[in-house]
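**Student:** Can you keep this structure in mind? I'll have questions shortly.
A short reminder: the numbers here are calculations on the coordinates, not readings from a lab. This structure is a prediction, so every number in the text was calculated from the model and none was measured. Cβ placement follows ideal geometry from the backbone for every residue including glycine, while neighbour counts extend to all protein chains displayed.
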Amino acid sequence: MHFLKITKLEFEVTGATNIDASVLINRIVSILKKSDYTVLSSTNNVVTFSEYDGNPWKIVSRGEHETHMDKGRFEISQVENENFILLSYYINPLTDIIFEILAILAGFIFNNLFFVANAIILIQFIARIYNIKKRARTMMYEIID
């Protein structure tokens, strides 16, 4: 179980606005629910969320997998008249690592043709990170706009 905690990649997105914190919290919760996230907790300045009821092995479409963060946290802090929003989120690359290891083993056992699968898996993982970062920035713009 400790290995599962090590395999997360953490990212952050920030934004600033003059909108009141309570309005921001409502927007955050609304956007998370609209995007099929589970809101784990919500206070005056913090919202935590998880994907798919916290089950990392839930079967979902490829498109959903490519754009969903595994878990995250919105924090709102006020400095003078401006609210700063920090979205901290992570991606769990465990399934990608497992498929990569299987493709490497298959390449050694069967043929070098399976090494092409390694490149495809790596490219898909990089695309997944890019798509999730893009989705996080879009969520931030929807909240502060």
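**Student:** Taking just the C-alpha trace of segment 11-144, give me its Rg and Dmax in Å.
**Tutor:** In order Rg, Dmax, the Cα atoms of segment 11-144 give 18.2, 64 Å.
**Student:** With Cβ to Cβ distances under 10 Å as the rule, what net charge do the other residues near R27 carry (K, R +1; D, E -1)?
**Tutor:** With Lys, Arg at +1 and Asp, Glu at -1, the neighbours total -2.
**Student:** What is the packing order of peptides 24-36, 77-89, taking the mean over residues of other C-beta atoms within 10 Å and listing the highest first?
**Tutor:** In decreasing order of mean packing, 24-36, 77-89 become 24-36, 77-89.
**Student:** Just add up the charged neighbours of T48: K/R +1, D/E -1, any other residue whose Cβ is under 11 Å from the Cβ of T48.
**Tutor:** Around T48, the surrounding residues sum to +1.
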